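Here the structure is laid out as structure tokens; the discussion comes afterwards.
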Amino acid sequence: MKEKTIIHRLFAVAVAMIVVSCSSDEAQAQLPNNSTMAQKMFITIDGRTETATLVDNSATQALVEKLQEAPVTVTLTSSGGFEIWGALGFSLPTSNEQITAQPGDVILYSGSNICLFYGSNSWSYTRLGKIDGLSENELRSFLKAGGSNISVTLSLSNPTSISHISTDKNTAKAYTLQGTPSQAARKGIVLQNGKKLLR
């Protein structure tokens, strides 16, 4: 009788360990949707760039691969008083779940649309990440809340703010054909501003 009791207790302990192990596996399986990547994505609108921290899931991994090839520019439009959204021009893997999106959330909708939130909404979405460090008012300004045909560029590197380079022709240096700086009084052919000049 004691042997049966011991066997039953051992069996119960083994079952409990299996249940705990399975629960742990399920928790690990869900973790990638909620854990963050080290990867930052840059979002540029009307010359202003902000960063977003991406979560770690199959959608963001595919998005990062796409952005490693080249930045992606999309046209987004305000909708519902809580987001700007529009087509990415390509599809990403989905892991949809019922989410209450908050201001700053970057969301994938229907596998091929990106939503940038300045308000809140509950729907079945795939989370991509969150815009870093902006208040709701700052998000509304940055995302052009209420606007339409908003050009948004997604990239993995911060775009330069230099838009035009000019030189002062009066102070541009001149060089000889051998590549050495030319003296001001030197006669002959010199290179200045990318052109050959005869002095």
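The values are calculated or read from the model by the stated rules, or taken from the named source; none is laboratory data. Small disclaimer: the values here were computed from a predicted structure and weren't measured. FYI the Cβ positions are ideal-geometry reconstructions off the backbone, even for glycines, and counts take in every protein chain you see.
List of remarks:
- Any hit, segment 156-166, residues being within 18 Å of Leu88 (Cα to Cα) and at pLDDT 75 or above: yes
- Single unsatisfied condition, Gly104 versus (1) at pLDDT 95 or above; (2) exposed (fewer than 11 other Cβ atoms within 10 Å of the Cβ): (2)
- Tally, over segment 89-108, of residues that are within 26 Å of Ser135 (Cβ to Cβ) and either touching a helix residue (DSSP H, G or I) at 6+ places or on another chain (Cβ under 8 Å) or basic (Lys, Arg) (or both): 3
- In segment 78-101, residue nearest to Lys144 (Cα to Cα) [restricted to those that are surrounded by 17 or more Cβ atoms within 10 Å (Cβ to Cβ) and β-branched (Val, Ile, Thr)]: Ile84
- Pairs, first surrounded by 13 or more Cβ atoms within 10 Å (Cβ to Cβ) in segment 114-134, second of a type in the set (Asp, Glu), C-beta under 6 Å, six or more apart: Cys115/Glu83; Phe117/Glu83; Phe117/Asp105; Lys130/Asp105; Ile131/Glu50
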